[in-house]
Amino acid sequence: MSAEVAVRAAVIAALRGDAELMGELNGVFDGTPVRASTPYAVVGECIAGDWGAKGLEGRELRLTVGLHDAGETPGRLAVLLGRTETVMQAVDAGGSGWRIVGVRLVRSRLAKGREKDQWQAVVDYRLRVVRLEGAAII
Amino acid sequence: MAAVAADAAGVKLAVLVRLVEARAEQRRRDVAEAMLAAGVEDAQVEGEAVRLSGRGLLRRWMSDLMLREAGRVRG
């Protein structure tokens, strides 16, 4: 499985599997949902570049996590951002054939939405992964 | 002797600083060019910042990872 697909799936599973985060969210969506009620999270695009070495296949991924909320202040988003960071640092790609060797927050932006009381946060993560020995290339 | 060594270290440091600054400047130019190539209306290097402007830019910025990464990574 490609690193982009495998790691993205692992991130979605990790976010959905975190009881504390899910206690605050109405859903974690794989891509922008057609309809959703706030607060919710979206695991968005993923870009991959080479991060290999001799005899080692590796990828450097950029992955976006978006958070949407409604309220007078972005206070709840701040809590959600903190929890998301904790979950991201603990993501394990497990049996996907890739091992995550590094997770780093690249940038984060908080902005008021177009509609009244809407808040949106976008966080881009850099994940470095290496293919596990013996994992099949599909 | 110690003064000569210190001077040499100072020169080496100045060279390193110049190299790093040149690299950062090139990166800013790369980002500005990539932003224009991505369809951003205006992208200017202003000191240590790349300033972008355009209609609907904030909305596009928030929703487009490729734009946020333009000029930074080779995807």
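If you go through segment A:114-129 and keep only what is out of contact with any helix residue (DSSP H, G or I) (no Cβ under 9 Å at 6 or more places or on another chain) and either away from chain B (no Cβ under 11 Å) or not in a strand (DSSP E or B) (or both), you end up with A:E115, A:K116, A:D117, A:Q118, A:R128. Across segment A:116-131, the number of residues qualifying as touching a residue at least 24 places away in the same chain (Cβ under 8 Å), over 12 Å from the mean Cα position of the chain (by Cα) and open to solvent by 30 Å² or more (accessible area, probe 1.4 Å) comes to 6.
To keep it simple, each residue is scored yes or no on (1) of a type outside the set (F, W, Y); (2) under 15 Å from the mean Cα position of the chain (by Cα); (3) open to solvent by 40 Å² or more (accessible area, probe 1.4 Å); (4) within 11 Å of chain B (Cβ to nearest Cβ).
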site	(1), (2), (3), (4)
A:G31	yes, yes, no, no
A:E45	yes, yes, yes, yes
A:R62	yes, yes, no, yes
A:L80	yes, yes, no, no
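Restricted to chain B, the set of helices (runs of 4 or more DSSP H) holding at least 3 residues that are among the β-branched types (V, I, T) and under 28 Å from A:V65 (Cβ atoms) is empty.
Please list, ordered by first then second residue, the pairs with beta carbon atoms under 9 Å, 6 or more apart or interchain, first in segment B:22-45 and touching a residue at least 40 places away in the same chain (Cβ under 8 Å), second among the aliphatic types (A, V, I, L, M) and surrounded by fewer than 18 Cβ atoms within 10 Å (Cβ to Cβ). Short answer, once both residue conditions are applied: B:V31/B:V45.
From the list A:G52, A:G66, which residue is in contact with a strand residue (DSSP E or B) (Cβ under 7 Å, 6 or more places away or on another chain), within 14 Å of chain B (Cβ to nearest Cβ), open to solvent by 30 Å² or more (accessible area, probe 1.4 Å) and of a type in the set (G, A, S)? Don't jump to the end; show me each part of the working.
Values: A:G66 fails: open to solvent by 30 Å² or more (accessible area, probe 1.4 Å).
The match here is A:G52.
Criterion applied to B:A32, B:A49, B:A24, B:A70 was being under 12 Å from the mean Cα position of the chain (by Cα), more than 14 Å from every other protein chain (Cβ to nearest Cβ) and crowded, with 17+ Cβ neighbours inside 10 Å, and the one residue passing it is B:A32. Within segment A:33-43, the residues that satisfy the criterion of being open to solvent by less than 80 Å² (accessible area, probe 1.4 Å) and either more than 19 Å from A:R128 (Cβ to Cβ) or touching a Pro at 6+ places or on another chain (Cβ under 8 Å) (or both) are A:P33, A:A36, A:S37, A:T38, A:P39, A:Y40, A:A41, A:V42.
Look through B:V4, B:V17 and report the one residue that is of a type outside the set (D, E, K, R), away from chain A (no Cβ under 13 Å) and surrounded by 10 or more Cβ atoms within 10 Å (Cβ to Cβ).
Working: B:V4 fails: surrounded by 10 or more Cβ atoms within 10 Å (Cβ to Cβ).
On inspection, the qualifying residue turns out to be B:V17.
The values are calculated or read from the model by the stated rules, or taken from the named source; none is laboratory data. Predicted model, so just to flag it, every value in this text is computed and none were measured. Cβ atoms come from the backbone with ideal geometry, glycine included; neighbour counts cover every protein chain shown. Only protein heavy atoms, including side chains, enter the accessible area calculation; ligands, DNA and RNA are left aside. Shrake-Rupley method; radii C 1.70, N 1.55, O 1.52, S 1.80 Å.
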